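K.L.:
Before we start, here is the structure in question, set down as structure tokens.
The values are calculated or read from the model by the stated rules, or taken from the named source; none is laboratory data. These numbers were taken from a predicted model, which means no experiment stands behind them. Because the Cβ atoms are built from the backbone with ideal geometry, glycine has one as well, and the counts that use them run over all protein chains shown. Quick note on the areas: whole protein, heavy atoms, side chains included, nothing else; ligands and nucleic acids left out. Shrake-Rupley method; radii C 1.70, N 1.55, O 1.52, S 1.80 Å.
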Amino acid sequence: MSPTATSPAATTTPKNGAKDGRQPKTITIKELHPTFGAEILGVQWNEDDGSVSEEQLQELRDAVHKYAFLLLRSTPLTDSTHVSFSRLFASSPLDDISRFLSQSPTDPFRAAGKHLRYYPHLELFDASNLTDDGTAILDPDKSERAMLMRANKLFHSDLAYNPRRSSYSLLRAVELPPLEVRAEIGGDTEFADSRTAWDDLDEDMKKRLTEKDYTGVYNAAWSRKQGAPEWFRGLDVGKGPVARHKILQKHKESGRMNLCVGAYLWRLEDKEGRVVEESEEMIRLLNEHVARDKYVASVRWENPGDLVIWDNRAVLHRAGEFEGVGKYRRDIRRTTAFDTGPMAWGLNGVGAKLPTLGSITKEKGLGSTEPGIGASYPK
């Protein structure tokens, strides 16, 4: 069974240390798993703007580079300060949902995102089970947006399908099911230690991946079809935009190698751009390896204001099984920052056009029958 964020702190020191070995002075770190994950205590928030001191900010960055994901309980963040703290923490541009909104000239209200319950903060991505305005729970079996979000139950890194990959994601609980039922219905967020998974990979596979230097072809529709294969049975995943990034990359801040796999990884290509013959089988084996129990830790959402920060360049994540999906309100919102490192744009060219609602839905045959569906698509 995977360790959870409610279990006692791990007693071993994670292998994934920062290169400089700095020790925090203003925060307390409670390790959550033998190799990664930590709960952070002692953060002093400025509730007006969501800021922390420069010293604490650097210690939080050092911690996420070492542990890959951090849990901060009961923060005072609001939609506005969630966004402002994310900008401060990432020190890079945030993605936003404007390119996924319907651009109908006959409905400027929706085109501007004003129907969203968190408007005007379009930097927030909706990971809830609610309609855009928050007045109702989505039907888990009939709602198209619910079907799109089923892929979130597969391990992935946010925005891997983009020509410009992501760095940090910050996920905050806004509304949770009643306390008395949470343990029964689940809804944890799970993380997979893709750096340690690389460390433990058998030497033959390590040698092959290192020497071949495969390029991954990442595809948003591929993950959606895996998440709800019957719903998307007619979907041609070969149409529309894809992104190319190396599947083996060095995490700059820790100096450790990372396996950039997960549900968006559709194909492997060799150095000449040809699809690798064993591509499908290799992807399956690598994804199964990273998802082994010993590399997985879970975060249980306990309070509104709980915040999880992770580094998409060092870890995979997924939504755990949530048995209350069609019954209990659950509102969780996420910001994601773009990477600024040397591998940020992969093999796609700096400034490559990012996918839009039209390029993903229309070209790939994904309908958009629900108004505002792009508000939470994709992750």
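K.L.:
Take the chain, connect every pair of alpha-carbon atoms lying under 10 Å apart with a spring to form a Gaussian network, then pick out the residue of LYS353, LYS327, LYS25 with the largest mean-square fluctuation.
P.N.:
Looking only at LYS353, LYS327, LYS25, the largest GNM fluctuation is found for LYS25.
K.L.:
Moving on to the next point. Going from the alpha-carbon gyration tensor of the stretch 68-218, what semi-axes, largest first and in whole Å, does one get by taking the root of 5 times each eigenvalue?
P.N.:
So the three semi-axes of the stretch 68-218 are 32, 21, 18 Å.
K.L.:
Now, a different point. Using only the Cα atoms of the stretch 258-305, each taken as one equal point scatterer with no solvent, compute I(q) by the Debye sum, divide by I(0), and report log10 of the ratio at q = 0.17, 0.22, 0.23, 0.24 Å⁻¹.
P.N.:
Treating every Cα as an identical point scatterer, log10 I(q)/I(0) equals -0.62, -0.84, -0.88, -0.92.
K.L.:
Can you tell which of VAL261, VAL275, VAL308 shows the greatest fluctuation in a Gaussian network model of the chain with Cα springs below 10 Å?
P.N.:
VAL275
K.L.:
I'd like to verify something in the chain: which complete DSSP H helices, judged by Cα projection on the helix axis, reach 24 Å or more and average at least 1.6 on the Kyte-Doolittle scale?
P.N.:
TM-like helix candidates: nothing returned.
K.L.:
Under a crude label model (7 Å from the Cα following the beta-carbon direction), how far is ASN303 from LYS250 in nanometres?
P.N.:
4.1
K.L.:
Would you mind getting me the FRET efficiency between ALA136 and LYS25? Use the beta-carbon distance for r and R0 = 41 Å, nearest 0.05.
P.N.:
0.30
K.L.:
Given the Cα-Cα distance of LYS271 and ARG292 and 0.36 nm per residue of separation, how much length would full extension add, in nm?
P.N.:
4.6 nm
K.L.:
Excluding PHE85 itself, what net charge comes from residues whose Cβ is under 10 Å from its Cβ, given Lys and Arg +1 and Asp and Glu -1?
P.N.:
+1
K.L.:
Let me ask something else. Using 7 Å Cα-to-Cβ label points, what is the ASP202/LEU41 separation (nm, one decimal)?
P.N.:
4.3
K.L.:
Assuming R0 = 51 Å, can you tell me the calculated FRET efficiency for the pair GLU278 and LYS327, based on Cβ-Cβ distance, to the nearest 0.05?
P.N.:
0.75
K.L.:
May I ask what percent, to the nearest 5, of DSSP beta bridges between residues of the chain are antiparallel?
P.N.:
Approximately 95 percent, going by the DSSP bridge assignments.
K.L.:
Now, a different point. Here are some pairs, LYS212/LYS252; LYS153/LYS327; LYS66/LYS153; which of them have Cα atoms lying more than 23 Å apart in this structure?
P.N.:
LYS66/LYS153
K.L.:
Quick one: which residues, 5 or more positions from CYS260 or on another chain, have an amide H under 5 Å from its amide H? H modelled 1.01 Å from N in the peptide plane, none for Pro or chain starts.
P.N.:
Residues meeting the criterion, in which the H sits 1.01 Å from N, are LEU248, GLN249.
K.L.:
Write down Rg/Rh for the stretch 253-338, rounded to two decimals, with Rg from the C-alpha atoms and Rh from the Kirkwood relation over Cα pairs.
P.N.:
Ratio value, two decimals: 1.04.
K.L.:
Moving on. Show me, for the stretch 188-198, the HN-Hα J-couplings you get by feeding each phi into the Karplus relation (A = 6.51, B = -1.76, C = 1.60, θ = phi - 60°), rounded to Hz, glycine and proline as x.
P.N.:
Along the stretch 188-198, the couplings run 5, 10, 10, 10, 10, 7, 6, 6, 5, 4, 5 Hz.
K.L.:
Quick check: with the 1.4 Å probe, what order do TYR119, TYR264 take by accessible area, largest first?
P.N.:
Ranking TYR119, TYR264 by accessible area, largest first, yields TYR119, TYR264.
K.L.:
At 7 Å along the Cα-to-beta-carbon direction for both GLU184 and GLU54, put a label point, then send me their distance in nm to one decimal.
P.N.:
5.2
K.L.:
Next up: Two decimals is fine: what's Rg over Rh for the stretch 168-244, C-alpha atoms, Kirkwood radius as Rh?
P.N.:
1.10
K.L.:
For the chain, what does the convex hull of the Cα positions come to per residue, in cubic angstrom?
P.N.:
Enclosed volume per residue, from the Cα hull, is 139 Å³.
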